[in-house]
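The values are calculated or read from the model by the stated rules, or taken from the named source; none is laboratory data. What you see is a predicted model, and the numbers here were worked out from it, not measured in a lab. Cβ coordinates were reconstructed from backbone atoms using ideal geometry, including for glycine residues, and neighbour counts include every protein chain displayed. Surface accessibility is based on the protein's heavy atoms, side chains included, excluding ligands, DNA and RNA. Shrake-Rupley method; radii C 1.70, N 1.55, O 1.52, S 1.80 Å.
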Amino acid sequence: MTVRTLHVLGSPVLRQKSPPVAAVDDAVRRLVDDLFETMRAAKGVGLAANQIGVARRVAVVDVGAEAPPPLVLINPQIVERSDEEEIAEEGCLSIPEIFGDVTRSARVVVEALDQEGRKVRTEAHGYKARAIQHEIDHLDGILFLDHLSAVKRNLLVAKWKKSRKGKKGYLKEVTPEPAGEL
Ligand SMILES: [Zn+2]
């Protein structure tokens, strides 16, 4: 397992719609291992493959002891969502230190393949449901900023650009982050 370099806002791969995985093989299993390793090193609760520069429909979620087990999401699809929505603050490992309130479905049912290629159906609520929606958004090239009002988004993007001043490129080595970023 390898801790991989993160791609941050501005990297084109974050805006790509990732193509599905054709077969769950050893390369995909290694990708899943690297996603978990990188997510945990960065103290995140979810990570999508394009956040480490790989345009494949693969993501992982682990919100910890409050809602086990960790999830492997290969070619995930949300097949049910509640009408009820919740608003909560979100961050993203690809947009460090930027946070915004995002409205999400309170409950989702997701179908995906696991690392053995088995179809798994998972129902999740609250924070875990939020993390799943955030990661599937990544696979479609969507960032949490896109769910905010234009005014709020512009404000946060300006803050982000200011924080990136003097930094080149769109890569970030993983160093400890505040907990709870997706
Ligand atoms: Zn994210």
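Checked against the criteria, A88 counts as over 15 Å from the mean Cα position of the chain (by Cα), within 15 Å of the ligand (Cβ to nearest atom) and in a strand (DSSP E or B). Is one or more of the residues making up segment 89-98 of a type outside the set (F, W, Y), on the phi > 0 side of the Ramachandran plot and in contact with a strand residue (DSSP E or B) (Cβ under 6 Å, 6 or more places away or on another chain)? Looking through segment 89-98, none of the residues is of a type outside the set (F, W, Y), on the phi > 0 side of the Ramachandran plot and in contact with a strand residue (DSSP E or B) (Cβ under 6 Å, 6 or more places away or on another chain).
Return yes or no: is K167 away from the ligand (no atom under 16 Å from the Cβ), assigned to a helix (DSSP H, G or I), open to solvent by 40 Å² or more (accessible area, probe 1.4 Å) and of a type in the set (K, R)? No.
Looking only at segment 65-99, how many residues end up being open to solvent by 30 Å² or more (accessible area, probe 1.4 Å) and over 17 Å from L31 (Cα atoms)? The qualifying residues number 18. So G46 clears everything in (1) surrounded by fewer than 15 Cβ atoms within 10 Å (Cβ to Cβ); (2) within 15 Å of E135 (Cα to Cα) except one condition, right? Which one? For G46, the failing item is (1). For segment 129-151, the set of residues classified as surrounded by fewer than 19 Cβ atoms within 10 Å (Cβ to Cβ) and closer than 20 Å to V32 by Cβ consists of D140 only.
Restricted to segment 118-148, and to residues that are part of a loop (DSSP other than H, G, I, E, B), away from the ligand (no atom under 11 Å from the Cβ) and out of contact with any Lys or Arg (no Cβ under 6 Å at 6 or more places or on another chain), which residue is nearest to V61 (Cα to Cα)? Taking the candidates together, the pick is R118.
Looking at segment 110-120, can you tell me whether even one residue there is within 18 Å of L6 (Cα to Cα) and of a type in the set (D, E)? No, segment 110-120 contains no residue that is within 18 Å of L6 (Cα to Cα) and of a type in the set (D, E).
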